[in-house]
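Read-outs: derived from the displayed coordinates by stated rules, not from any lab. Just so it is clear, the model here is predicted, and its values are computed rather than measured. Cβ atoms come from the backbone with ideal geometry, glycine included; neighbour counts cover every protein chain shown.
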Amino acid sequence: MEWWGWLIVVVGVIVILLGLFIGLQARRRRGGVIVGPASGTSTTGVDDAGPGSTP
Amino acid sequence: MRTSEITKRPVVTHQGEDVAQVKDIVFAANGGRVGGFTLAGRGLFSGPKKEALSWESVGSLGADAVMIESEAAFEPHQSVLDRSARSGGSGGDVLGSKVLTDAGTDLGVVVDVVVEVDDDAHTCDVIGYEIEASEALETKGTRLLIPLPATLSASKEFLMVPDSARNFVGRDLAGFGASVAAFRAQLEGGA
């Protein structure tokens with residue numbers, strides 16, 4: 001394959017990965033309405049934002 | 001006001017800095033009071049933030065932005081959750097949960113939550129759920145507002161409401177506050 005063919009493949013992969021990352025971050029920013037956890041217990045589903053956050 | 005109008009609203013300091021956006025609304029089951037917000041960063045590449053904003057730190061909840069004094073108002077995520085921790089809470093998201101009456105009737109699925117902001121008392125209370133009605137309400141698939149008692153019960157699967165709430169169901173926010181007041185007055189009268 002010519003060098004420009006490889007360039008198109010690499011740029012295409014980068015664009016796809018960037019799109020996936022932006023989509024994932026948009027999903028993680030999506031909000032919800034959380035009922036406070038019961039007293040004396042901790043919540044599950046810990047992610048970067050901490051426990052109790054929606055995905 | 002619906003909580004969907006609050007999520008994604010920018011958090012702006014009094015210096016004019018756009019520092020975050022609202023992600024989740026956190027409320028206590030016991031008393032239905034909003035304790036604060038979890039936050040997400042601004043911009044395409046941002047994800048959820050590790051800090052959260054307690055309701056006490058909110059300067060004002062404006063139509064287009066949540067105003068705060070400065071970024072120093074942010075606090076650890078867990079402390080905001082702990083402040084809203086009460087008996088009867090689940091720690092989960094109520095959107096998508098089923099609403100069940102104490103008589104065992106499934107009224108529908110929660111699609112939004114209605115809050116009432118009192119600027120004088122600087123409080124924000126959960127007063128109702130917007131549900132997609134089930135067959136039990138004879139208007140299956142339509143969106144209805146259902147008033148809530150002052151004390152809520154919520155597990156990860158079901159949100160419990162008194163059966164009499166069916167008699168106070170509304171279709172739009174205009175007049176819903178009066179329905180909630182009448183519903184709560186009836187509960188107190190019957191208690």
For residue B:33, the residues 5 or more places away or on another chain with a placed amide H closer than 5 Å to its own amide H are B:28, B:126
If each K or R counts +1 and each D or E counts -1, the residues other than residue B:18 whose Cβ falls under 14 Å of its Cβ total +1
Which of the lysines could a cross-linker span from residue B:8 if the Cα-Cα distance has to be under 27 Å and same-chain partners fewer than 8 positions apart are dropped? B:23, B:49, B:50, B:98, B:156
Length gained when the stretch residue B:135-residue B:103 is fully extended (0.36 nm per residue, less Cα-Cα span): 10.0 nm
The stretch B:80-189 - charge dipole about Cα centre, Lys and Arg +1 at Cβ, Asp and Glu -1, debye rounded to 20: 240 debye
Built amide H within the under 5 Å cut-off of residue B:97, gap 5+: B:110
Apply the Karplus curve 6.51 cos²θ - 1.76 cosθ + 1.60, θ = phi - 60°, to the phi angles in the stretch B:118-134 and return the couplings in whole Hz, x for Gly and Pro. 10, 5, 5, 8, 6, 10, 9, 10, 7, 10, x, 10, 9, 10, 8, 5, 8
Chain B - percent relative contact order, Cα under 8 Å, separation 6 or more: 18 percent
Let me confirm one metric for peptide B:28-37, namely the mean number of other chain beta-carbon atoms within 10 Å of its residues' beta-carbons. 2
From the phi of every residue in the stretch B:42-57, what ³J(HN,Hα) in whole Hz does the Karplus formula 6.51 cos²θ - 1.76 cosθ + 1.60 yield, where θ is phi - 60° and glycine or proline is x? 9, x, 4, 8, 7, x, x, 8, 7, 8, 9, 10, 7, 4, 4, 8
Given charges of +1 on the Cβ of Lys and Arg and -1 on the Cβ of Asp and Glu, with all other atoms neutral, how large is the dipole of chain B about its Cα centre, in debye to the nearest 20? 400 debye
Which of the GluC sites (Glu not before Pro) found in the stretch B:78-154 are loop residues per DSSP with 12 or fewer other Cβ atoms within 10 Å of their Cβ? B:138
Summed over the other residues with a beta carbon less than 9 angstrom from that of residue B:54, with K and R at +1 and D and E at -1, the charge totals -1
Take every Cα pair under 8 Å in the stretch B:3-83 that's 6+ residues apart, average their separations, divide by the length, and report that relative contact order as a whole percent. 28 percent
Please identify every one of the trypsin sites (Lys or Arg not before Pro) in the stretch B:38-122 that sits in a loop by DSSP and has no more than 16 other beta carbons within 10 Å of its own beta carbon. B:42
Taking the Cα centre of the protein assembly as shown as the origin, how large is its charge dipole in debye, to the nearest 20, when only Lys and Arg (+1) and Asp and Glu (-1) carry charge on their Cβ atoms? 520 debye
Theoretical gain in end-to-end length, residue B:56 to residue B:119 [0.36 nm per residue, Cα-Cα removed]: 21.5 nm
